[in-house]
Amino acid sequence: MGGRGYNRKRAAAEPYRDIDFSGAQRGPVVPLEPGKAQIPIRLDNAVLEYFRALVDKGGGGNYQTLINDALAAYIHQQSMLNAVRQVVREEAGIAGQLSGGV
């Protein structure tokens with residue numbers, strides 16, 4: 001199990017050898033924002049490249065935030081479309097009743 005890489009890792013860990021981790025807790029160092037969840041997700045490379053390129057063009061930021069914003073906008077758009085469809089159905093039904101059809 002030797003090797004140069006192993007020896008470098010071992011040397012890098014030496015300063016931390018005397019730290020007592022017995023009271024440590026597992027989990028993220030920075031707590032998650034309320035209303036957010038950390039999940040593993042698999043995305044196509046093309047999707048990641050697209051959002052990373054947007055971040056680069058914008059001068060920096062977080063591509064994950066852009067993905068979240070795009071998904072939230074899609075959900076909002078779908079709910080708006082569903083609301084418009086419902087209104088059109090209701091109006092069509094009223095118009096049909098007034099004209100004596102349906």
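None of the figures in this text is laboratory data; all of them are computed from the coordinates on show. These numbers were taken from a predicted model, which means no experiment stands behind them. Glycine also receives a Cβ, built like all others from the backbone with ideal geometry; neighbour counts cover every protein chain displayed.
In this simple spin-label model, placing a label point 7 Å from the Cα along the Cα-to-Cβ direction at both Val55 and Gln86 gives a separation of 3.6 nm.
A Gaussian network model of the chain, with springs between Cα atoms under 10 Å, assigns the largest mean-square fluctuation among Gln25, Gln64, Gln38 to Gln25. By the count of neighbouring beta-carbon atoms within 10 Å, fewest first, Ile39, Ile67, Ile94 end up ordered Ile39, Ile94, Ile67. Between Gln97 and Tyr16, the contour length at 0.36 nm per residue exceeds the alpha carbon distance by 21.3 nm. Between Gln64 and Asp44, the modelled labels are 2.3 nm apart [label points 7 Å from Cα along Cα→Cβ]. Using a/c under 1.5 as the rounded threshold, could you call the chain rounded, prolate or oblate? The axes a ≥ b ≥ c are square roots of the C-alpha gyration tensor eigenvalues, and prolate needs a/b larger than b/c, oblate otherwise. It comes out prolate by the Cα gyration axes.
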